[in-house]
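Novice: Submitted below is the structure of interest, expressed as structure tokens.
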Amino acid sequence: MTVDGFFEPVAMTVKNETVTGSWADVATGQDPTPVTQDVFGLWLDHGAQPSDATYAYVVRPGVNQGQAVAYAQHLPVRVLANTTSLQGVRHDGLGISQLLFYSPGTAEVRKGVTLAVDQPCMVILDESGSGAPVITVSAPQKPGVTVAVTLTRSGKVTRRTATLPDGDRQGAGVTLGATANNVALRRPVLTSSEQDTSVGAHFLTDGNPRTRWGSAPSDGEWAMVDLLTPQFADAVTLHWDTAYAQTYAVQVSPDGETWRTVHSTTAGTGGTRTLALTPQPVRFVRLDLTERHAGRGFALRGLEVHAAPDLARGKPATASSTRVAELAPANATDGQDNTRWGSDYSDPQWLSIDLGATTAIGTVKLHWETASAKSYRLQVSDDGSDWTDVHSTTSGPGGVETIPVSADARYVRMYGTQRNTQYGYSLFSFEVYGR
């Protein structure tokens, strides 16, 4: 059949039939029992080996046939480019452009406005508000890359750079002008209520100061952010709208069930509040909103969770041995999850970090490769020669170990005395956090 109202007429195939098959045909290890179900299918036939073929369509869920036809006849989205080097669309009504650069280049998003990048990346340009545009950049295929963005509007040139995250945040977007170490950015949010979809829960962590979450007009509301993985945090920032909380608490949890209050007040003043925390691993952050300042619901323009700095990142590392050159000690402090230090296959072995100055240490985090330590000691030193034990174990589990300590020292050392495997000792990372 031919569907009109897309960017161009498109030949599509539609089927509604009874099909028999098993999940084992789809994925290895699944149930091989045959299943018979009615299946609806809709697809574009690109041929066996298409070359230089293009297509463009809009997915519009949750509408009936009449609404879909009306939308197709007056598409608010236009294609800016659809080539091998750049794909881009813009919704002029919303003032939002989305661009996928396969190579460095420049896109004209509307008359008098261009956006250029020096690295392959994805960009969202939000001009929906009356203030400065909001630019969000991501590059899932290039962790840790720094992207230079140049925006030209009516002759005015704005240049910004964004260093994109790696590790467990690889692929996450960075909103230019937003707090760089905000580990809550774009993370999932659950709330007790939403006033309506224009002030939905997801706006709480979108990094855009123009959007907001708004609750129902009642006391006793809450909002919870899931950071997806435990993150060392040392502060939470709340960007209140005018409908702020007079009485509220900030709580943290490792599992979303057991909560600990890290800040509470009965005299909230709204505005932007940054609340310092003792550096600690956090997975969930919840706002328990007890009493409103105004008659409307609670409203927040943003919630940020700030990552505590890893004091060992980039610092000199030395070791008792290195199995091969590519398993150098410096790999444990380079901030990369795909590099590691590896020792010789013998006991004892050690890895030492020089923090550069006497430092108040509160936590050490060891991310082991399979070749981990069964018995080891954490030691500190002021001079790198005389060592004091601050932690010891004879049943090290491997994996990621987060160890609370309390010491003031310049040097920190893992001293391994018994391995969990026949191989050496191997660490993806050796992280140190303050207190």
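Novice: How would you rank 315-323, 182-190, 142-150, 60-68, highest first, on the average number of other Cβ atoms within 10 Å across their residues?
Specialist: Working: 315-323: 18.1, 182-190: 19.8, 142-150: 16.2, 60-68: 8.8.
My ranking of the peptides, most packed first, is 182-190, 315-323, 142-150, 60-68.
Novice: Hey, could you pull the Cα Rg and Dmax for segment 350-412, both in Å?
Specialist: Answer for segment 350-412, Rg first and Dmax second: 11.7, 32 Å.
Novice: Please report the projected area of segment 1-110's Cα convex hull averaged over all directions, in nm².
Specialist: Values: hull surface 42.4 nm².
The directionally averaged projection comes out at 10.6 nm².
Novice: Using only alpha carbon pairs under 8 Å that are at least six residues apart, calculate the relative contact order of segment 279-435 and give it in whole percent. Walk me through the intermediate numbers first.
Specialist: Details: 381 pairs, mean separation 47.0, N = 157.
For segment 279-435, the relative contact order is 30 percent.
Novice: Using only alpha carbon pairs under 8 Å that are at least six residues apart, calculate the relative contact order of the chain and give it in whole percent.
Specialist: Details: 1082 pairs, mean separation 40.3, N = 435.
So the answer I get is 9 percent.
Novice: So for segment 104-203, Kirkwood radius off the Cα pairs, Stokes-Einstein at 37 °C and 0.692 mPa s: how many µm² s⁻¹? Intermediate values should be presented prior to the final figure.
Specialist: Details: Rh = 15.0 Å.
D, rounded to a whole number, is 219 µm²/s.
Novice: Which value in deg cm²/dmol, rounded to the nearest 500, describes the helix-derived mean residue ellipticity at 222 nm for the chain, given -39,500 (n - 2.57) per DSSP H run of n ≥ 4 and division by the residue count?
Specialist: Mean residue ellipticity, 222 nm, calculated: -500 deg cm²/dmol.
Novice: Now a separate question. Would you work out which of Thr83, Ser22, Gly41 lies farthest towards the positive end of the dipole of the chain, given +1 charges on the beta-carbon of Lys and Arg and -1 on that of Asp and Glu, about the Cα centre?
Specialist: Going by the charge dipole, the pick is Thr83.
Novice: Over the Cα atoms of segment 300-400, each weighted equally, I'd like the Debye log10 I(q)/I(0) at q = 0.13, 0.17, 0.25 Å⁻¹, rounded to two decimals.
Specialist: The Debye formula, applied to the Cα set alone, gives -0.53, -0.87, -1.78.
Novice: Same structure again: So how compact is segment 144-222: Cα radius of gyration and Dmax in angstrom?
Specialist: When restricted to the Cα atoms of segment 144-222, Rg and Dmax are 16.1, 50 Å.
Novice: Two decimals is fine: what is log10 I(q)/I(0) at q = 0.27 Å⁻¹ for segment 35-97, from a Debye sum with one equal scatterer on every Cα and no solvent?
Specialist: One equal scatterer on each Cα of segment 35-97 leads to -1.22.
Novice: Taking only the C-alpha atoms, wrap a convex hull around the chain and report its volume per residue in Å³ as a whole number.
Specialist: Working: hull volume 98.6 nm³, N = 435.
In the chain, the Cα convex hull volume per residue is 227 Å³.
Novice: Excluding ligands, DNA and RNA, what is the solvent-accessible area per residue of the chain at a probe of 1.4 Å, expressed in Å²? Before the final figure, lay out each step's value.
Specialist: Values: 22370 Å² over 435 residues.
Value returned for the chain: 51 Å² of accessible area per residue.
Novice: Under a no-solvent Debye model with one identical scatterer per Cα of segment 19-64, what's log10 I(q)/I(0) at q = 0.25 Å⁻¹?
Specialist: The Cα Debye sum returns log10 ratios of -0.91.
Novice: Further question: Taking 25 °C and 0.890 mPa s as the conditions, I'd like the Stokes-Einstein D for segment 202-310 in µm²/s, using the Kirkwood hydrodynamic radius from alpha carbon pairs.
Specialist: So the translational diffusion coefficient is about 176 µm²/s.
Novice: Determine one quarter of the surface area of the Cα convex hull of segment 29-169, which equals its mean projected area, and express it in nm² to one decimal.
Specialist: Working: hull surface 55.8 nm².
If you wrap the Cα atoms of segment 29-169 in a convex hull and average its projections, you get 13.9 nm².
Novice: According to the Kirkwood expression over distinct Cα-Cα pairs, how big is the hydrodynamic radius of segment 93-161, in Å? Before the final figure, lay out each step's value.
Specialist: Details: mean 1/r = 0.0811 Å⁻¹.
Evaluated on segment 93-161, it is 12.3 Å.
Novice: So which aspartates and glutamates can Lys374 reach, going by Cα to Cα under 17 Å and dropping same-chain residues fewer than 8 places off?
Specialist: Asp344, Asp347, Asp389, Glu401
The values are calculated or read from the model by the stated rules, or taken from the named source; none is laboratory data. All figures in this text were calculated on a predicted structure; none of them were measured in a lab. All Cβ positions, glycine included, derive from the backbone under ideal geometry; neighbour counts span all protein chains shown. The area values use the complete protein model at the heavy-atom level, side chains included, leaving out ligands, DNA and RNA. Shrake-Rupley method; radii C 1.70, N 1.55, O 1.52, S 1.80 Å.
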